[in-house]
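Asker: Provided herewith is a single structure, encoded as structure tokens, for subsequent inquiry.
The values are calculated or read from the model by the stated rules, or taken from the named source; none is laboratory data. Remember, it's a predicted structure, so these values are computed and weren't measured experimentally. As a convention, Cβ positions derive from the backbone with ideal geometry for all residues, glycine included, and neighbour counts pool all protein chains shown. All accessible areas refer to the heavy atoms of the entire protein, side chains included, with ligands and DNA or RNA removed. Shrake-Rupley method; radii C 1.70, N 1.55, O 1.52, S 1.80 Å.
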Amino acid sequence: MTQEPSPPHNPISSKSEGTAQPINRRIYDLLFSFACTTAGAIVVLIALGLLAMLIYQSWPVLSQLNKFQVFSSTEWNPNKRIYGAWVFIYGTLSTSFIAMIVAVPLGVGAAAYLSEIAPANVRRICTFLIELLASIPSVVYGFWGYVFLAPILREIFQLVGLQSDTSGQGILAAGLILAIMIVPYITAISFDVCRAVPATQRQGSLALGASRWQTIWKVVLPYALPGIIAACFLALGRALGETMAVTMLIGNVRYLSFSPLAGGDSIASVIANSLNEAGSNSERSALVLMGLILLIITAAVNILARLIVSRMYGNPKPSRFGKFVSKLNPFRKKSHADLALGHATSSAATSYQRLVVSDSAYRSIVRQNSLMTWVLLGCLLATVIPLFLILGYITYRGIGSVDWNLFLKDANDKTGTGLGHAMVGTITMVLLASLFAIPTGVMAAVYLNEFRNRWFTKLVRFIAEVLGGVPSIVIGIYVYAVMVRPPWDSDPWGNSAWAGAFSLMILMIPVTVRGAEEAMRLVPNSLRQASYALGASQSQTVFRIIIPAALPAITTGVLLAMGRVAGETAPLRLTAGDSNFWPQPLIPGIKAIPSLESLGEKFPFITNYIYEYSKSAEDDLKRQAWGGAFVLLSFVMLLNLAIRLAAGKRLVSAARAD
Amino acid sequence: MRSKGFSKTAIRLCLLMGTIIVLSGCPNKKGTEATRVSGGGATFVDPIMQKWSQEYKQIKGLEVDYKKSGSGNGIQQMTGKVLDFGCTDAPMNKEQTENALKEAGEVIHIPVTIGAVVLAFNVEGVESLQLTGELVADIYSGKITKWNDPKIVEINPSANLPDKKIVAVYRAESSGTSNIFSEYLGKVSAEFKEKVGVGTNPKWPQGIGLGQPGNDGIAGYVKNNPNTIGYIELLYAKQNKIKYASIRNKAGKFITPTPEAASAAAAEAMKVKQENEPYSLHELTYSLTDAVGEQSYPICGMSYAILYKKQSSRKGKPIVEFLRWATSEGQKFATELDYAPLPAELTKAIAARLDQVEFVD
């Protein structure tokens, strides 16, 4: 304590006699409050800027929807200035629909099995695996889908005699890859909410003689329903906005066809393919309009989820169990199971077998119970097996593809090409984004946590949550518009690491805010009270007590966000632009550290090489794509492993902001 | 003590951020000639562009950062000055030319290479295939859907063609290769021209197949999926060991695509005065499709580097020097990469055209 800063820290003196000090402190507090509010305002400004820019750039078409037949035609034909949006809206919705149909039962089933049935060590291992699945970059999913899933589908189509226009790729393939991508989200969050169901609920149900399946179906799942619905909607939001995996598998066919076997195109995919080459101004603004539509769809899903959940949470929770018990009333005769249970409750003294209405009813309950246990186990396996397929396949192909050249050469080297420059580029941009996103995110979280009762706080929280659900491709459009070709400057700024980092920053902020706010909320209130009781100011309390106490959890959230943005592709393709060369080094000879000037030029990043090389027919490039995917995947996995070892906490729940 | 260290770190971080913002605010744009220039666009020229870039770096130390992304992308990004130069296999059309004129003035087209677009196919048990323009037009407009269609069997009597649906692969993005290909099909089939259209982004009919991005995207797809057909630059087919068809030319001969056959087509086509848009809009642009002559391969195209006539000397000078080298000395790499070298008289015309670039500073 002797090294405290100059105004000596004597709470009593500062409270009773301090005149100069409180002024000093008031300035600090004012500055602190200003800094927090600014961070909150930055979040709001980014979101408003995003919306304003999309409307501004899409205005030429938006103002004349009829002329360009945006909603009255199913044709997308830039040559004729017809921009029918339905093909893409249908593609986006149908792929997400397929994904949800597959993923929701699997995810909830797997979560129920893990939470209610699985032994402790199976639970531990599986939750970890599912978190890994949630952190795989989407371009890696796309790559795997392109080389593994689509050919399998093609073979299956042939076996059953279906004629496909696209030999494997199409709406179905894209929907399935989306399902594999979102299952871990649903599982992880549903698992959390299932675990949060009080043990008394389960015990009560089992004590009444309900089987395990009946307990899961009638007690645990209804109790956890709001959380599960929230998880599904978050997953849906992610599926709607997914770009890379879909564009690699959907077939890019711009016709409306309601067969799931046919090719299609999604909103995110057409933007990624066409935005930078739009031949006319109207085509460009039509594409930005697609982005706006996508933004509206995802934001609506997001807001709807929150509305549903808040309404459901509005009910007192225990009533659910009460309802269940009341259903057990034998006079209501709901089902055999209910009936049997009703008898069991009424006379608990005699032996169970005799209480059951009939032997057959009892047996059917037992059968149902064991059957459903197997079904739930099946759900879990169906969730975890793709992980092994993906990890296994990429490790198998990737590990042999990694050599020194991959790390030490750039894509233009005469003596053999590599991806070293792209790795440096990705790391640089992620660090650069973190440099801005962490202070902004943490300060915004402090604002949310410390100034709870202002109207602006509610706005900031709402916007941070909505921003977290904005598809990354839409953020790419926005950053391209403000940092690559700003409308107010006749001289374009061009692709740069700054623009790339800025888009990553926008992706990182909501995750950081969410993680930091949750972490700070978990700091015991007594610590805060003790700090204030000693006379510390608000800023002192936050910086010396709250943040240090929450630091491990904040770090976890930040690392998680970094891992996620490291795998981003779509927005960087628009903003950083990619390059074949090492960025100009800061110190000649040390290629790993880019100079400050080079950040203003086109900048390489590894995910683009995975995307481009994966489609290539050239063996060496394909090998590099495998190697790159393996390196990226290992990096993200190691990051996750490190976080888990360091924090010992489950991760996906911390990243729910997306 | 830990908490104190933390607040210090926070202050230092803020200072660092501030410094970076200030430094980034004043980029050093003036001064000596650039050591790196950015280009991008056509995937058609990408292999030779990468070769030139590697070689030229050894000679002059200039790094030419060429990223393939499709011709349409090259035109738009060059027009928007996001790229220093673009590449396209389709000369800029009227609207694009006017847009560029508004943005920063006249754009000049510099032919950099000539190549053949081949029809790559992957059909089990079929080693060689002969096709006519009309047949290809029928496949790509959805009139012929089976590999064992009588019309295909008729000119390929010895091939063992299966009763499978043809999956026709086309470009997912706006592409100069699509332009060359559809221009040819439009010339041989009025119906195709009417129904599908000619351009960088033709309206491919429903149900014929699917779109893939880039020459490499189509090549990869055709290589990995049976019963597919796709149009790609010759090198992409050769490098990836994909089989490709010989096409009947205007003189009625089936020609296997080679650099020589492309050269022959170019020599014939350049004798003709270019009267149709977009070729009539620019100097040194030629339509090479469906050329006359016994040895001409009918689906050939030229790839152009495009740049504004008014250039800054910082970036413009190195670009002009690079293009001068690529279109003269650099042509020696053409044949090894299965492109056709530019004719000598064209090289001269290009040098004269490059002299017209103005440096404004």
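Asker: Would you mind stating whether A:LYS67 is open to solvent by 80 Å² or more (accessible area, probe 1.4 Å), within 13 Å of chain B (Cβ to nearest Cβ) and either out of contact with any His (no Cβ under 8 Å at 6 or more places or on another chain) or polar (S, T, N, Q) (or both)?
Answerer: For A:LYS67, the condition - open to solvent by 80 Å² or more (accessible area, probe 1.4 Å), within 13 Å of chain B (Cβ to nearest Cβ) and either out of contact with any His (no Cβ under 8 Å at 6 or more places or on another chain) or polar (S, T, N, Q) (or both) - is not met.
Asker: Residue by residue through the stretch A:535-552, note down the ones that are more than 9 Å from chain B (Cβ to nearest Cβ) and either over 20 Å from A:ASN449 (Cα atoms) or open to solvent by less than 10 Å² (accessible area, probe 1.4 Å) (or both).
Answerer: Correct list: A:GLY535, A:SER537, A:THR541, A:VAL542, A:ILE546, A:ALA550.
Asker: While we're looking at this one, here's another question. Sort out which residues of the stretch B:273-294 are open to solvent by 30 Å² or more (accessible area, probe 1.4 Å) and more than 18 Å from the chain's Cα centre (by Cα), and write them in order of number.
Answerer: B:LYS273, B:GLN274, B:GLU275, B:ASN276, B:GLU277, B:SER280, B:LEU281, B:GLU283, B:VAL292, B:GLU294 - these are the residues of the stretch B:273-294 that are open to solvent by 30 Å² or more (accessible area, probe 1.4 Å) and more than 18 Å from the chain's Cα centre (by Cα).
Asker: Please work out which residue is modelled with the highest pLDDT, limiting yourself to the stretch B:121-140 and to residues that are within 14 Å of chain A (Cβ to nearest Cβ) and open to solvent by 10 Å² or more (accessible area, probe 1.4 Å).
Answerer: Filtering the stretch B:121-140 for residues that are within 14 Å of chain A (Cβ to nearest Cβ) and open to solvent by 10 Å² or more (accessible area, probe 1.4 Å), the one modelled with the highest pLDDT comes out as B:ASN122.
Asker: Using the structure shown, decide if A:VAL160 is more than 14 Å from chain B (Cβ to nearest Cβ) and either free of Cβ contacts under 8 Å to residues at least 40 places away in the same chain or touching a strand residue (DSSP E or B) at 6+ places or on another chain (Cβ under 9 Å) (or both).
Answerer: Spelling it out, A:VAL160 is indeed more than 14 Å from chain B (Cβ to nearest Cβ) and either free of Cβ contacts under 8 Å to residues at least 40 places away in the same chain or touching a strand residue (DSSP E or B) at 6+ places or on another chain (Cβ under 9 Å) (or both).
Asker: What number of residues in the stretch A:496-534 are buried (at least 19 other Cβ atoms within 10 Å of the Cβ), of a type outside the set (Lys, Arg) and more than 29 Å from the chain's Cα centre (by Cα)?
Answerer: Qualifying residue count for the region: 1.
Asker: Step by step: first the residues of the stretch B:204-226, then only those that are open to solvent by 20 Å² or more (accessible area, probe 1.4 Å) and assigned to a helix (DSSP H, G or I), then the one that is nearest to the other protein chains (Cβ to nearest Cβ). Which residue is that?
Answerer: Across the stretch B:204-226, the extreme among qualifying residues is B:LYS223.
Asker: Does A:THR555 satisfy the criteria of being open to solvent by less than 20 Å² (accessible area, probe 1.4 Å) and not charged (D, E, K, R)?
Answerer: no
Asker: Right, something else. As an exercise: evaluate A:LEU380 against (1) more than 30 Å from the chain's Cα centre (by Cα); (2) modelled with pLDDT of 90 or more; (3) of a type in the set (A, V, I, L, M) and give the number of the one condition it does not meet.
Answerer: (1)
Asker: Moving to a separate point now. If you check B:ILE255, B:ILE242, B:ILE229, which single one turns out to be under 23 Å from A:ILE152 (Cβ atoms) and more than 10 Å from every other protein chain (Cβ to nearest Cβ)?
Answerer: Every option except B:ILE229 fails the conditions.
Asker: While we're here: For the structure I just gave you, tell me whether A:GLY425 is open to solvent by less than 10 Å² (accessible area, probe 1.4 Å), within 14 Å of another protein chain (Cβ to nearest Cβ), not in a helix (DSSP H, G or I) and not acidic (Asp, Glu).
Answerer: no
Asker: Find the residue count for the stretch A:144-157, including only residues that are farther than 24 Å from B:GLY142 by Cα and within 12 Å of chain B (Cβ to nearest Cβ).
Answerer: Residues flagged as farther than 24 Å from B:GLY142 by Cα and within 12 Å of chain B (Cβ to nearest Cβ) within the stretch A:144-157 amount to 3.
Asker: Moving on to the next point. Taking the stretch A:145-185 as the region of interest, how many residues are at pLDDT 85 or above, open to solvent by 10 Å² or more (accessible area, probe 1.4 Å) and of a type in the set (Gly, Ala, Ser)?
Answerer: Residues meeting the conditions: 0.
Asker: Quickly run through the stretch A:273-307 and pick out the residues that are modelled with pLDDT under 90, open to solvent by 30 Å² or more (accessible area, probe 1.4 Å) and under 20 Å from the mean Cα position of the chain (by Cα).
Answerer: A:ILE303, A:LEU304, A:ARG306, A:LEU307
Asker: In addition: With the structure loaded, tell me whether B:PRO91 is part of a loop (DSSP other than H, G, I, E, B) and either crowded, with 24+ Cβ neighbours inside 10 Å or away from every other protein chain (no Cβ under 14 Å) (or both) or whether it fails that test.
Answerer: When the stated conditions are applied, B:PRO91 passes them.
Asker: Could you please give the count of residues in the stretch B:145-179 that are of a type in the set (A, V, I, L, M) and open to solvent by 10 Å² or more (accessible area, probe 1.4 Å)?
Answerer: 4
Asker: Checking B:ILE319 against (1) assigned to a helix (DSSP H, G or I); (2) open to solvent by 20 Å² or more (accessible area, probe 1.4 Å), which single condition isn't satisfied?
Answerer: (2)
Asker: Restricting to the stretch B:184-203, what's the tally of residues that are within 14 Å of chain A (Cβ to nearest Cβ) and either on the phi > 0 side of the Ramachandran plot or not in a loop (DSSP other than H, G, I, E, B) (or both)?
Answerer: Residues flagged as within 14 Å of chain A (Cβ to nearest Cβ) and either on the phi > 0 side of the Ramachandran plot or not in a loop (DSSP other than H, G, I, E, B) (or both) within the stretch B:184-203 amount to 6.
Asker: Please enumerate the residues belonging to the stretch B:246-272 that are surrounded by fewer than 21 Cβ atoms within 10 Å (Cβ to Cβ) and within 18 Å of the chain's Cα centre (by Cα).
Answerer: Matches in the stretch B:246-272: B:THR258 only.
Asker: May I ask you to say which residue of B:LEU307, B:LEU284 is hydrophobic (A, V, I, L, M, F, W, C), more than 14 Å from chain A (Cβ to nearest Cβ) and part of a loop (DSSP other than H, G, I, E, B)?
Answerer: Going through B:LEU307, B:LEU284 in turn, just one is hydrophobic (A, V, I, L, M, F, W, C), more than 14 Å from chain A (Cβ to nearest Cβ) and part of a loop (DSSP other than H, G, I, E, B): B:LEU284.
Asker: Across the stretch B:258-274, which residue is nearest to the other protein chains (Cβ to nearest Cβ) among those that are farther than 17 Å from B:ASP89 by Cα and assigned to a loop (DSSP other than H, G, I, E, B)?
Answerer: This residue is B:THR258.
Asker: Okay, next question. Test of understanding: among A:GLY628, A:GLY577, A:GLY563, which residue is under 26 Å from A:PHE143 (Cβ atoms), open to solvent by less than 30 Å² (accessible area, probe 1.4 Å), in contact with a strand residue (DSSP E or B) (Cβ under 9 Å, 6 or more places away or on another chain) and touching a residue at least 12 places away in the same chain (Cβ under 8 Å)?
Answerer: Criteria check complete, one pass: A:GLY577.
Asker: All but one of (1) in contact with a Ser or Thr (Cβ under 6 Å, 6 or more places away or on another chain); (2) at negative phi hold for A:SER274; state the number of the condition that does not hold.
Answerer: Tallying (1) in contact with a Ser or Thr (Cβ under 6 Å, 6 or more places away or on another chain); (2) at negative phi, A:SER274 fails exactly one: (1).
Asker: Mind checking which residues of the stretch A:580-590 are open to solvent by 10 Å² or more (accessible area, probe 1.4 Å) and either within 13 Å of another protein chain (Cβ to nearest Cβ) or touching a Ser or Thr at 6+ places or on another chain (Cβ under 8 Å) (or both)?
Answerer: A:TRP582, A:GLN584, A:PRO585, A:LEU586, A:PRO588
Asker: For the subset of the stretch A:377-422 comprising residues that are within 30 Å of B:VAL64 (Cβ to Cβ) and open to solvent by 50 Å² or more (accessible area, probe 1.4 Å), which member is nearest to the other protein chains (Cβ to nearest Cβ)?
Answerer: Among those that are within 30 Å of B:VAL64 (Cβ to Cβ) and open to solvent by 50 Å² or more (accessible area, probe 1.4 Å), it is A:LYS414.
Condition check ((1) in a helix (DSSP H, G or I); (2) closer than 30 Å to B:PRO162 by Cβ) across all residues:
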| residue | (1), (2) |
| --- | --- |
| A:VAL108 | yes, no |
| A:GLU131 | yes, no |
| A:ILE136 | no, no |
| A:VAL139 | yes, no |
| A:GLY168 | no, yes |
| A:ILE182 | yes, no |
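Asker: Also, I was wondering about something else. So which residues in the stretch A:591-617 are surrounded by 23 or more Cβ atoms within 10 Å (Cβ to Cβ), more than 8 Å from chain B (Cβ to nearest Cβ) and without any contact (Cβ under 8 Å) to a residue 24 or more places away in the chain, if there are any at all?
Answerer: A:TYR613
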